[in-house]
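Enquirer: One structure, as C-alpha cells, below. Some questions next.
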C-alpha cells in the first residue's frame, strides 16, 4: 500500500453550481478506501504549516491579507474562489498535505496527496483557483529542513504551471518542467526551465510519445533528490477546462510512466492530484484515482 495525505478539511462549502468541484477531495478519499487502493492505516493527516514556511515563497502582506480576509475584491476575483474562514483552513491544510507527502516520499519512495497542485499562485497574488503555491512551498521547506536540495517539478496539468515557473525562474536548485495545452489558461505564459506546449486535441499516443522523449532525459540531467509530480486530469477529453483528448487509459499510462521512470532511476516521487473539472463527479473522482492506482502498482515493486 502507498502512503497518502488526506484531511477532512480538504473540503469546505462553496456556493452551489460553482465550477470548482470541491466535493471531489472527500469523494476521492472514500473511493480509494472502498476500492482497497489504500488502507486506513496508510493515511497520514497533515498539519497547517507555520506562517514562516509560507513566507519562503509568498509575500507576508499577501499572506496576512488572504488569511485575514482583507484582499481587495479584484485580487479575490482573480483567485476565483469566494473567501471564507473555512477556505483559509482548507488552503493551509492542503499546503501542509503536500509538504507531508514530500516527506513521506523521501521515506517510502512514493507518496500521494489527495489534493494539491496549486501552481497558478504567485508570490504576491493568487490566480486560477490557486491561493498559495503548495509545490513551491514544499520545495522550499524541504530545502530549509535539509531533506532535499535538488528538486524536479514535473507538471502535467493541462494548464501551464505559471506561478511555479515564475517563482523558480532564477533558482538552479529547482527545475520546472511543464507540458500543457498551448492555447489554454493562462494566456500569458511564464518561462519554465523546460516548457512543452501541446496542440489542442492531442490524444493518448501523441501525448505519451512526447512525454517519453522528455522525461528520461530530464531525470538524467537534473538528478533530483525528489520529484514533485502534478498529475492533473484536466488533460482528459471530457474535461470542461481542458482542450486535450486523453482517455482514462491514457492518463493511467501517463502516471505509470512518470512513477515507474522515477522509481527505475532511483528518485523519490511525491504526487499531487492537480486539476480536474469534469461535470460528472463519479467520472472525475475515478480519473483522480488513477494516480493512486498507478502508485500502488509501482509501489508493489519497491
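Enquirer: With respect to residue 81, determine if the residue is part of a helix (DSSP H, G or I) and out of contact with any strand residue (DSSP E or B) (no Cβ under 6 Å at 6 or more places or on another chain).
Expert: On the way: part of a helix (DSSP H, G or I): no; out of contact with any strand residue (DSSP E or B) (no Cβ under 6 Å at 6 or more places or on another chain): yes.
So residue 81 does not fit the description; no.
Enquirer: For residue 242, indicate whether it is out of contact with any helix residue (DSSP H, G or I) (no Cβ under 9 Å at 6 or more places or on another chain), surrounded by 17 or more Cβ atoms within 10 Å (Cβ to Cβ) and modelled with pLDDT under 95.
Expert: In short, yes.
Enquirer: Also: Are any residues in the stretch 131-147 in contact with a strand residue (DSSP E or B) (Cβ under 9 Å, 6 or more places away or on another chain) and either crowded, with 24+ Cβ neighbours inside 10 Å or not in a loop (DSSP other than H, G, I, E, B) (or both), and if so, which ones?
Expert: 133, 134, 135, 136, 138, 139, 140, 142, 143 - these are the residues of the stretch 131-147 that are in contact with a strand residue (DSSP E or B) (Cβ under 9 Å, 6 or more places away or on another chain) and either crowded, with 24+ Cβ neighbours inside 10 Å or not in a loop (DSSP other than H, G, I, E, B) (or both).
Enquirer: Which of the residues that make up the stretch 43-62 are buried (at least 18 other Cβ atoms within 10 Å of the Cβ) and assigned to a helix (DSSP H, G or I)?
Expert: Result: 53, 54, 62.
Enquirer: Can you give me the number of residues within the stretch 255-277 that are more than 17 Å from residue 211 (Cβ to Cβ) and in contact with a strand residue (DSSP E or B) (Cβ under 7 Å, 6 or more places away or on another chain)?
Expert: The qualifying residues number 4.
Enquirer: Quick check: anything in the stretch 95-118 crowded, with 24+ Cβ neighbours inside 10 Å, closer than 21 Å to residue 194 by Cα, at pLDDT 95 or above and touching a helix residue (DSSP H, G or I) at 6+ places or on another chain (Cβ under 6 Å)?
Expert: Checked the stretch 95-118: at least one residue is crowded, with 24+ Cβ neighbours inside 10 Å, closer than 21 Å to residue 194 by Cα, at pLDDT 95 or above and touching a helix residue (DSSP H, G or I) at 6+ places or on another chain (Cβ under 6 Å).
Enquirer: Another one. Cβ contacts < 6 Å: first residue surrounded by fewer than 19 Cβ atoms within 10 Å (Cβ to Cβ), restricted to the stretch 282-302; second residue assigned to a helix (DSSP H, G or I), any location; separation 6+ or different chain. Result?
Expert: Once the first residue is surrounded by fewer than 19 Cβ atoms within 10 Å (Cβ to Cβ) and sits in the stretch 282-302, no partner that is assigned to a helix (DSSP H, G or I) comes close enough.
The values are calculated or read from the model by the stated rules, or taken from the named source; none is laboratory data. These figures come from a predicted structure and were not determined experimentally. Glycine also receives a Cβ, built like all others from the backbone with ideal geometry; neighbour counts cover every protein chain displayed.
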